[in-house]
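The values are calculated or read from the model by the stated rules, or taken from the named source; none is laboratory data. As the structure is a computational prediction, the values presented were derived from the model and not from experiment. Positions of Cβ are backbone-derived with ideal geometry, glycine not excepted, and every protein chain shown enters the neighbour counts. Side chains included, ligands, DNA and RNA excluded: accessible areas come from the protein's heavy atoms. Shrake-Rupley method; radii C 1.70, N 1.55, O 1.52, S 1.80 Å.
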Amino acid sequence: MGEPARKAQQIRLIIKSDLESVYLIGLSVRAICSYLPFDDVAAYQVEVSVVEAVNNAIKHAYRNEAWHEVEVSLTILEDRLNIQICDAGNAMDKEKVLKSGIEFDPADTDKLPEGGMGLHIICSAMDSVNYQVIEQKNVLSMSKLFQTKQYQSPSKT
Amino acid sequence: MQLHDEKIGDVLVVKPLESRIDASIAVDFKERMAGFINAGNELIVLDLSSVNFIDSSGLGAIVSSLKLLGRKGDLVISGIRQTVMNMFKLTRMDRVFRIFESRDQAVSALAV
């Protein structure tokens, strides 16, 4: 009889919609990634993608109003880390989310972008990205595949 | 935010002492850099050796500083970690900034 499939493990993090609290999410994601089959660069890509998504929720969905909540859930599967960032603010245009890009001439200093790079970073760094509105909540989903062996939680070794 | 600045000849070395340059301090950082530039500093080394995280807001503040310098000066980067460098590569900003391994190499390049 084969081994039973491992249950997915999940953690949910909630912060107030205040940019000064976002680092708590970043540090938490970094710590979790340190236990997963990611090298330093991949772990950084996960952390920065989550931070960018949370920043967007605060700045755009909630228009910098600090009395709302942003929820981040991380689900560890056998071969990947799934992440969802949820807010109850203004929704983004899904097409804009999934087709984000930064176009500029590196030699043309005057026209270099100073903002609007967050979605491009997420879509470049993560292996899959999706955006949905589910029961009046905006959900940005992303996932990153593990690089090496499949994940085996510390409690099972 | 905490910044250390040091003048070496005509080159100003600015070293953020924060480990994270993110959206919560990006505006402050941008204003501090603008202060250095408006005070007449035209050759700037941004020493990122203490920084282990930058988001797009932090990166935007660095870009803003370069744009404020315009043609009259230059801003180069030193001490960047491999993880933070990945951020520059994801956004193609590694093609915009000259990046040096050490502060001394960066200062020498600007002092020429």
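Annotations for the structure displayed:
- Whichever residue in region B:75-91 is touching a residue at least 24 places away in the same chain (Cβ under 8 Å), farther than 17 Å from B:His4 by Cα and in contact with a helix residue (DSSP H, G or I) (Cβ under 6 Å, 6 or more places away or on another chain) and, among such residues, is nearest to the other protein chains (Cβ to nearest Cβ): B:Thr83
- Region B:95-110, residues that are part of a helix (DSSP H, G or I) and more than 7 Å from B:Ser78 (Cα to Cα): B:Arg95, B:Asp104, B:Gln105, B:Val107, B:Ser108, B:Ala109, B:Leu110
- Any hit, region A:69-85, residues being out of contact with any strand residue (DSSP E or B) (no Cβ under 8 Å at 6 or more places or on another chain) and assigned to a loop (DSSP other than H, G, I, E, B): yes
- Check on A:Val54, under 11 Å from the mean Cα position of the chain (by Cα), closer than 30 Å to B:Val96 by Cβ, facing chain B (nearest Cβ under 10 Å) and not charged (D, E, K, R): yes
- Going through (1) loosely packed, with under 15 Cβ neighbours inside 10 Å; (2) within 13 Å of chain B (Cβ to nearest Cβ); (3) charged (D, E, K, R); (4) assigned to a loop (DSSP other than H, G, I, E, B) one by one, A:Glu65 falls short only on (2).
- Filtered residues of region B:9-43 (kept if more than 14 Å from chain A (Cβ to nearest Cβ), assigned to a strand (DSSP E or B) and within 12 Å of the chain's Cα centre (by Cα)): B:Leu12, B:Val13, B:Val14, B:Lys15, B:Pro16, B:Leu43
- Enumeration of residues in region A:68-91 that are touching a helix residue (DSSP H, G or I) at 6+ places or on another chain (Cβ under 7 Å) and either within 14 Å of chain B (Cβ to nearest Cβ) or buried (at least 17 other Cβ atoms within 10 Å of the Cβ) (or both): A:Val70, A:Val72, A:Leu74, A:Leu81, A:Ile83, A:Ile85, A:Asp87, A:Gly89
- Here is the figure for region A:9-41: residues that are in contact with an Asp or Glu (Cβ under 7 Å, 6 or more places away or on another chain), farther than 19 Å from A:Arg80 by Cβ and either within 11 Å of chain B (Cβ to nearest Cβ) or of a type outside the set (A, V, I, L, M) (or both) total 5.
- Candidates are the residues of region A:39-62 that are hydrophobic (A, V, I, L, M, F, W, C) and out of contact with any strand residue (DSSP E or B) (no Cβ under 7 Å at 6 or more places or on another chain); the one that is surrounded by the fewest Cβ atoms within 10 Å (Cβ to Cβ) is A:Val41.
- Checklist (1) free of Cβ contacts under 8 Å to residues at least 24 places away in the same chain; (2) out of contact with any Leu (no Cβ under 7 Å at 6 or more places or on another chain); (3) within 18 Å of B:Met93 (Cβ to Cβ) applied to A:Ile122, failing item: (1)
- Residue match in region A:56-70 (condition: touching a Gly at 6+ places or on another chain (Cβ under 6 Å) and polar (S, T, N, Q)): yes
- Subset of region B:92-112 that is open to solvent by 20 Å² or more (accessible area, probe 1.4 Å) and of a type in the set (Val, Ile, Thr) - its residue that is farthest from the other protein chains (Cβ to nearest Cβ): B:Val112
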